[in-house]
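Undergrad: Here's a structure for you.
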Amino acid sequence: MKTRKILALVMAIALFAVSMTVVASAEEAAERPTSVYTISVIPTKPTPDDPYTDADFFDATGLVISDGTTNISYDTDYQYFTFSAGQDAPLTVYITEVEVFYKGESCGVVPVTVSHAGGEIVPVNNHTHGQICSACGVICKNESHDVPYWVPNGDASLVRGESETGTCTVCGDTVSQIIPGTATYTTIFADIDILQTILGLVAMIVEGFALI
């Protein structure tokens, strides 16, 4: 009996949540009236030779809406058109569509693809370099450093790793990596975890006595 009451309560809560969602959707639709016009011809931009970047504003040139009998062109009646993005501020890479309004009523959406405008190569951290977009300041690329060579620092011991440095050929940053133990030790004992732990403890004890 108790289980049935719990299930009934859960179902009631679920039904209430669904009903509230439907009401909210209906209210939102009522606040945004749909025009009798729909998009019949999308704008000429973007094209493969003229894509959008995040430094561009939305260009509605070539846009045509229609109610099935009458066509209205943005090129001649632009004063009645408004858009959801790309007018007061440039487009961003996160915008995938722009909604079209004619006299305040929605006519549909125009799909858009926006890429970063480009930028300069700058170091991001010790092991990667990034390309910072000059338009929005976002890191649009984050790739590994291209290091042609490594120079050992000579601070390795039997159980202590050594660091090596190199210069990235892309961004010019100096980077480093840690090699665990000497090459000989790594080759012979890399798979023997217990031995590695014991040798590490012995090394720590010896170093401790050396400091006394």
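The values are calculated or read from the model by the stated rules, or taken from the named source; none is laboratory data. Because the structure is a prediction, the values reported are computed rather than measured. For neighbour counting, all protein chains shown are included, and Cβ atoms are generated from backbone atoms with ideal geometry for every residue, glycine included. Please note that ligands, DNA and RNA were not included when accessible areas were found on the heavy atoms of the full protein model with its side chains. Shrake-Rupley method; radii C 1.70, N 1.55, O 1.52, S 1.80 Å.
Undergrad: Could you please find all residues in the stretch 74-105 being surrounded by 17 or more Cβ atoms within 10 Å (Cβ to Cβ) and closer than 25 Å to T53 by Cα? Show your work before the answer.
TA: Within the stretch 74-105, the subset surrounded by 17 or more Cβ atoms within 10 Å (Cβ to Cβ) is 74, 81, 83, 85-86, 90-91, 93, 95, 98, 100-102.
Hits for the stretch 74-105 are Y74, F81, F83, A85, G86, P90, L91, V93, I95, V98, V100, F101.
Undergrad: Of the numbered conditions (1) open to solvent by less than 50 Å² (accessible area, probe 1.4 Å); (2) touching a Phe, Trp or Tyr at 6+ places or on another chain (Cβ under 9 Å); (3) modelled with pLDDT of 70 or more, Q177 fails exactly one; give the number of that condition.
TA: Only one criterion is unmet by Q177, namely (1).
Undergrad: Next question. Taking the options G166, G137, name whichever one is within 25 Å of V93 (Cα to Cα) and modelled with pLDDT of 75 or more. Full working, then the answer.
TA: Values: G166 fails: within 25 Å of V93 (Cα to Cα).
The conditions single out G137.
Undergrad: Looking at T96, is it within 30 Å of C171 (Cβ to Cβ) and polar (S, T, N, Q)?
TA: no
Undergrad: When residues of the stretch 106-125 are filtered for being of a type in the set (S, T, Y) and either open to solvent by less than 50 Å² (accessible area, probe 1.4 Å) or assigned to a loop (DSSP other than H, G, I, E, B) (or both), how many remain?
TA: Of the residues in the stretch 106-125, 2 are of a type in the set (S, T, Y) and either open to solvent by less than 50 Å² (accessible area, probe 1.4 Å) or assigned to a loop (DSSP other than H, G, I, E, B) (or both).
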